[in-house]
Each structure stands twice: as C-alpha cells, then as structure tokens.
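Below: the structure, in structure tokens.
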Amino acid sequence: MAELLHTVLDATDVRRLAEFYRQFLGLVYRPGDEEPGDDDWLVLTWPDGRRALAFNRVSACEMAPSGWPAPAAVKHMHLDTVVSSVEELDAEHARVLGLGASLRYDRSSDPDEPLRAYADPAGHIFCILVG
C-alpha cells in the first residue's frame, strides 16, 4: 500500500515559498537543497529527516491566485505517495483505478524516478512514485 511521502506546493518562486514554510514550521532543507541554485524542486524535512513539504516550480500562467473559499476556486497543491518498487507501483495503479481515480500522467518507465499522477474522484491530483 502507498504511504504519504509529502505534500507538494506549486509556486512561481520555489525558494521564497520554501523559506516561508521552513521558518514558519521549523523545518530544514533536505541535504543538497540548502543553497540556492536550481530551485525547480525543493524538499523540506522535519529535523529528524522525515519529509514534510516539497515545492514545485510552475509558470505564472499555471499559478492563478486562489479564490478559495469561493466555489470552484483553484488550489495549488497535490499529494505525493511512495511505494518501494515498480511492481508495487503497478499494483497500486490497478487499485486506485478501481477506487475511481483517473490516470493523468505516466512516467512509470523512468529509470531514475518512476511515477504516475492521477486525479482522485473529485479531481484532486496525487502521485505515486517509487522511492
């Protein structure tokens, strides 16, 4: 069964948003993410090393301001879950489709980080990746 890895927040300025949550929640950068550089993807962990939040760069046109709590308002996050093997990824694929999810993106053949992205029955995005 998949385990929740972290919640991913989309942002146009990944470092700025990561810094906000790092200071707000007392989190630390994953080793290698501490120094500014290629900030397309950053991960914050709890001090004991457990993952907490990740940040994904998106373009400004993908990042309309949220009007929440207005009806039909856009939200800007998705869940990442993790399994330990491609075989488990395939098993979870069949299971979540049976539960009502729909496949949105398939990168299961990627040798470095196989994953699939789905929409839940309400349209919220979540990923299952091998980690």
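Each reported figure results from applying straightforward, stated rules to the coordinates on display, with no laboratory input. Note that the structure is a prediction, hence the values are computed from the model and not measured. Here Cβ is always computed from backbone atoms with ideal geometry, including for glycine, and neighbour counts include all displayed protein chains.
Of ARG95, ARG30, the sequence from fewest to most neighbouring Cβ atoms within 10 angstrom is ARG95, ARG30.
Expressed as a whole percent, how much of the Cα-Cα distance distribution for segment 6-61 exceeds 18 Å?
Numbers: 330 of 1540 pairs.
Summing the P(r) tail past 18 Å for segment 6-61 gives 21 percent.
For segment 19-119, averaging the sequence separation of C-alpha pairs within contact (under 8 Å, six or more residues apart) and dividing by the residue count gives a relative contact order of 13 percent. Can you bin segment 74-131 into rounded, prolate or oblate? Criterion: square roots of the alpha carbon gyration tensor eigenvalues sorted a ≥ b ≥ c, rounded for a/c under 1.5, prolate for a/b above b/c, oblate for the rest. Oblate, because a/c is 1.5 or more while a/b does not exceed b/c.
Helix content alone sets the calculated 222 nm mean residue ellipticity of the chain: runs of n ≥ 4 DSSP H residues at -39500 (n - 2.57) each, divided across all residues, give -6500 deg cm²/dmol. One Cα centroid belongs to segment 80-109, the other to segment 110-131; the line between them spans 6 Å.
What is the magnitude of the charge dipole of the chain about its Cα centre, with +1 placed on the Cβ of each Lys and Arg, -1 on the Cβ of each Asp and Glu, and no other charges, expressed in debye to the nearest 20? Before the final figure, lay out each step's value.
On the way: 12 positive and 22 negative charges, 106 e Å.
Approximately 500 debye in magnitude.
Looking at segment 1-100, the GluC sites (Glu not before Pro) that sit in a DSSP loop and have at most 13 other Cβ atoms within 10 Å of their own Cβ are GLU34. Between VAL83, VAL14, VAL74, the Gaussian network model of the chain with springs among Cα atoms under 10 angstrom shows the greatest mean-square fluctuation at VAL74.
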